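Written below as structure tokens is the structure these notes are about.
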Amino acid sequence: MSPVFPMLTVLSMFYYMCLRRRARTVTRGEMNSRRAIESNTRALPINVEIVQYAKEVLDFSSHYGSENSMSYTMWNLAGIPNVYPSSGDFTQTAVFRTYGTWWDHCPSARLPFKRTPPTFCSQDYVELAFEEPVYPTAVHILETYHPGAVVRILACSANPYSQNPPAEVRWEILWSEAPTKVNGPQARQFTPCIKQINFPTNLIRLEVNSSLLDYYTELDAVVLHGVKERPVLSLKTSMIDMNDIDEDEDEEKYGCGMDTLNKQFSIVTLREWPTNGYFDKLPYELIQLILSHLTVPDLCRLAQTCKLLYQHCCDPLQYIHLSLQPYWARINDASLEYLQSRCTLIQWLNLSWTGNRGAISVSGFSRFLKVCGSELVRLELSCGHFLNETCLEVITEMCPNLQELNLSSCDKIPPQAFNHIAKVGSLKRLILYRTKVEQTALLSILNFCSELQHLSLGSCVMIEDYDLIASMMGAKCKKLRSLDLWRCKNITESGIAELASGCQLLEELDLGWCPTLQSSTGCFTNLARKLPNLQKLFLTANRSVCDTDIEELAANCTRLRQLDILGTRMVSPASLRKLLESCKDLSLLDVSFCSQIDNRVVLELNANFPNVFIKKSFTQ
């Protein structure tokens, strides 16, 4: 046969791939040109564009606001805009808990997982439901303060209002991009060019990364444009851009890298090659080191090439640290089952954001931990809404060496389930942010987990007496280094005194939005004198913080790096100068809404102390 025919076949396949790629990346301008125009003389055609605001906020990973109010909460994303087109800091917007890189440079910061794909940079998310399922043609995000945090927009095939849940839940990325620095904090309407998908949706997910922002991003509303009937795109064949043929083609082929994980791991019949070239001459350890730089999907693919690499890719030593969070949309019971034999030595496991909407069952999670939990030291399960009391019981029984447990925003776990955590006496880090942990369970945990070094109780609204909790910490948790009491509503100077006396190793303390603390009682002065190792102190929205408190910090807490006194009316420029002169390592000072600190003072302090980021927020 002439060699020209195979070449023609290859060219034909390449040409077909180009056309498919061009169809997927059609511009919004081309889509807009095909939108039907409403006519008053006849019934509306089925593909007239529907414009709708979010009807409901279904899920989110964090927010700045309280669980019992609307200010700065994700629930503000439902409905029409409250603020836009105004710019500034407004309570009627949706605000996530963190911004910048400050949280990565404090004592409570956690080590990152290796092998995280460079394309996954999401830190938080929010899921929004709309009234009508449509084929999306545009998504408008109304950002009112410090825009630029949104890095991914996804659509789901499941209808949250359907009585019959689908057998398979699909997520498709409509748009994705690395974090970008936006010049200026002013409001904008963000409308990225989205990809066309082949199913209607009324469930949109935004994922954000605020690491490049100078302050909290604020979102006001999300608008979904779409049509009821799937648009048919004409394929343009006159010009083909070589940039359209990239690795995204492979990502879609492999289902974002994890869709065929189960099949890939389950393949045991591999083609016999007479030789592996010179690759099998390398030391086993060197091959393992090379493969340690691959992501999990790449390991799955490489395992299919030959028996030698299959053996290396399935070696449990490759899975000592495993993060499945980047692939949250693809992980299910079958994925965990096929990973079991590879994870018998696993020490760090990240299942955050995975398993929701029935993807992971209680039985599937339990089976995995029974096989792979004995060596676990760190377990990340934030936003795992499949977790229940049985899961926590299995964790405490199957993970005897566990030192770090993250249950952040696992708000479906019943209150009584947290009692099981007290059985893990080796815990050093426990994150219970936005959970339903109750006082009795927490007292038991503190009593039996005396090795705790990092504890997060932010927005835990079911605890009745924080003074009692603080007293138990002071008595039992002598090694505590960081404590998050964000928005705890009833701690007083009595609890602070017990805490400061018993936990003198504290380096980080978040007392933001704790309204029952008053400077006149001497609680902040006592903190400064008893906790000389403090590096981070948040007294956000406490209007009683005064010059005396700042001067005590300057005199006693010279290692201070981050201080938030947003909202105080009692702090003068003179006391801030003393603080900045004394605390040479200070890098963050938030004086937003401090009535005595105007923009002129901030400019002066910035000029004299250029290494300190001094934040002054505003409202227009």
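The values are calculated or read from the model by the stated rules, or taken from the named source; none is laboratory data. Keep in mind it's a predicted model, so treat the numbers as computed, not measured. So basically every Cβ, Gly included, is an ideal-geometry build from the backbone, and we count neighbours across all protein chains shown. Heads up: the accessible areas ignore ligands, DNA and RNA and are worked out on the full protein's heavy atoms, side chains in. Shrake-Rupley method; radii C 1.70, N 1.55, O 1.52, S 1.80 Å.
Brief remarks on what is shown
- The one condition in (1) touching a helix residue (DSSP H, G or I) at 6+ places or on another chain (Cβ under 8 Å); (2) assigned to a loop (DSSP other than H, G, I, E, B) that residue 471 fails to fulfil: (2)
- Among the residues of region 301-329, those that are polar (S, T, N, Q) and either open to solvent by 40 Å² or more (accessible area, probe 1.4 Å) or in a loop (DSSP other than H, G, I, E, B) (or both) comprise 304, 305, 311.
- Of the strands (runs of 3 or more DSSP E) lying entirely inside region 179-233, those carrying at least 1 residues that are open to solvent by 10 Å² or more (accessible area, probe 1.4 Å) and modelled with pLDDT of 95 or more are 188-190, 218-227.
- Residue check for residue 471: among the hydroxyl-bearing types (Ser, Thr, Tyr), touching a residue at least 12 places away in the same chain (Cβ under 8 Å) and touching a Phe, Trp or Tyr at 6+ places or on another chain (Cβ under 7 Å): no
Residues checked against (1) assigned to a loop (DSSP other than H, G, I, E, B); (2) open to solvent by 10 Å² or more (accessible area, probe 1.4 Å); (3) assigned by the TED database to the domain that holds residue 67; (4) without any contact (Cβ under 8 Å) to a residue 40 or more places away in the chain:
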| residue | (1), (2), (3), (4) |
| --- | --- |
| 375 | yes, yes, no, yes |
| 400 | yes, yes, no, yes |
| 408 | yes, yes, no, no |
| 412 | yes, yes, no, yes |
| 418 | no, no, no, yes |
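- Taken over region 281-292, the criterion of being in contact (Cβ under 8 Å) with a residue 24 or more places away in the chain and in a loop (DSSP other than H, G, I, E, B) is satisfied by 292 alone.
- Number of positions in region 92-109 that are surrounded by fewer than 17 Cβ atoms within 10 Å (Cβ to Cβ) and of a type in the set (A, V, I, L, M): 1
- In summary, residue 357 fulfils each of the numbered conditions (1) part of a loop (DSSP other than H, G, I, E, B); (2) in contact with a Phe, Trp or Tyr (Cβ under 8 Å, 6 or more places away or on another chain); (3) open to solvent by 10 Å² or more (accessible area, probe 1.4 Å) with the single exception of condition (2).
- Matching residues, region 553-583, being in contact (Cβ under 8 Å) with a residue 40 or more places away in the chain and among the hydroxyl-bearing types (Ser, Thr, Tyr): none
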